[in-house]
Amino acid sequence: MTQGADMLALVVAEVRPLTPAIKAFVLRSANGGDLPPFAPGAHLSVQIAESSGQRAYSLVRPHDGSGSYEIAVLHEPQGSGGSAWMHGLAPGAVLAAHPPRNDFALHQGVRPLLVAGGIGITPLLCMARALAAEGQAFDFFYATRSEDATAYLDEVRALGGTVVHDGGNPARGLDLRALLAAPRSGRHLHVCGPRGMVQAVVDTARAQGWPDDHVHFELFAGALAQAGDMPFEVRTLRSGKTLTVAPGQTLLDVLIAAGLDPMYDCRQGDCGVCAVDVVEGVPDHRDHNLSPREKAGGKTLCTCVSRAKTPHLVLDI
Ligand code: FES
């Protein structure tokens, strides 16, 4: 993906280690101008120079007109290189990013409930700070593996958040049934974290009677299984394979497991790097990259998040 004319040129003003694996980056406009405003829950899509892909990083501090953005990045040694590239940046480095976009808006309603897992703290901390600044009541829960691995621990506690450490065993983390036991009209749940944790929170909320339009989530990779997801079969035209994608699996993972070498980058439907041509069948689009027109045309599909509305797809790969 090339750098578009609408992209922001940003300079790294500060790099701050938050944990051994997480660094905060304060970014300013490279030309000294103002930066576009945003609402809590928004993210920046940063261009990763070496892979030509992009990564989405949530903004940690509410927009305050100070001319800076803060993001936090978890170094993932098994990832595809974006976090390593970010962790290599030093103050003075210049990078490009799309202006903030918000796919995870804060719904204030009645006493919002904020639930974070690991690096998923970033958009929720922004929401909590905004709510606290407005004097709004909210409930805030944050699960991490250990105290050492906890970014923004003091800030979350200062905001009244409850922090639990599960030692890597989610069963020892938040008591979701208790936490979500009392859905209330007008009360919105916001959750961000690893896919398994978000899936567990969303499933528990639904089981406890939270209406779907009061449950808001953001993932860092893949897509949540949706009620009614069915297995579907994929035939790869050029490589001659017939594969089955089960509910809860991504098409991208199935292609990789079958020995293909598909292109991908963000794994969350943002960058479009994984898009492939559809020869037969109807895609069930779950990405944020394709335009409404491209989605309606049904000729392209992002393998990292999208599925099929028909029992079979034929892909030109
Ligand atoms: S890998 Fe980025 S949209 Fe699929």
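None of the figures in this text is laboratory data; all of them are computed from the coordinates on show. None of the values given here were measured: they were computed from a predicted structure. Cβ coordinates were reconstructed from backbone atoms using ideal geometry, including for glycine residues, and neighbour counts include every protein chain displayed.
The overall shape of the range 167-258, judged from the alpha-carbon gyration tensor, is prolate: a/c is not under 1.5, and a/b is greater than b/c.
Using a simple spin-label model with pseudo-atoms 7 Å out from Cα toward Cβ, residue 230 and residue 158 lie 5.3 nm apart. Ordering 90, 57, 192 by the projection of their Cα atoms onto the charge dipole of the range 48-194, which places +1 on the Cβ of Lys and Arg and -1 on the Cβ of Asp and Glu, puts 192 at the extreme positive end. Less than 5 angstrom separates the built amide H of residue 239 from those of 317, all sequence-distant by 5 or more or on a different chain.
Full extension of the segment from residue 49 to residue 244, taken as 0.36 nm per residue of separation minus the current Cα-Cα distance, would add 66.8 nm. Extending 7 Å from Cα along the Cβ direction at residue 102 and again at residue 212 yields two label points whose distance is 2.4 nm. Distances between placed amide hydrogens fall under 5 Å for residue 180 paired with no residue 5 or more residues away or on another chain.
A Cβ-based charge dipole, computed about the Cα centre of the chain with Lys and Arg at +1 and Asp and Glu at -1, lands at about 320 debye.
Got a sec? How would 300, 144 order by Cβ neighbour count within 10 Å, fewest to most?
Starting with the residue having the fewest Cβ neighbours, the order is 300, 144.
Among 265-271, 201-207, 181-187, sorting by the average number of other beta carbon atoms lying within 10 angstrom of each residue, highest first, gives 265-271, 201-207, 181-187. Ordering 305, 12 from the fewest to the most neighbouring beta carbons within 10 Å gives 12, 305. For the range 98-108, the Karplus equation 6.51 cos²θ - 1.76 cosθ + 1.60, evaluated at θ = phi - 60°, returns couplings of 5, x, x, 10, 10, 9, 9, 6, 6, 9, 5 Hz by residue, with Gly and Pro reported as x. At what distance in nm do the modelled label points of residue 314 and residue 134 sit from each other, each positioned 7 Å from its Cα along Cα→Cβ? Here the answer is 5.2 nm between the modelled labels. Between the listed residues 12, 227, 167, the Cα displaced farthest toward the positive end of the dipole of the chain, a dipole computed from Cβ unit charges relative to the Cα centre, is found at 227. In loop segments of the range 60-163 as defined by DSSP, the GluC sites (Glu not before Pro) with at most 10 further C-beta atoms inside 10 Å of their C-beta are 134. Over the residues of the chain, the helix contribution to mean residue ellipticity at 222 nm works out to -4500 deg cm²/dmol, using -39500 (n - 2.57) for each DSSP H run of at least 4.
The dipole here belongs to the range 113-219: it is taken about the Cα centre, uses +1 on the Cβ of Lys and Arg and -1 on the Cβ of Asp and Glu, and is about 200 debye. The residue list 247, 308, 257 was ranked by how far each Cα lies along the charge dipole of the range 232-315 toward its positive end, using unit charges on Cβ atoms, and 308 comes out on top.
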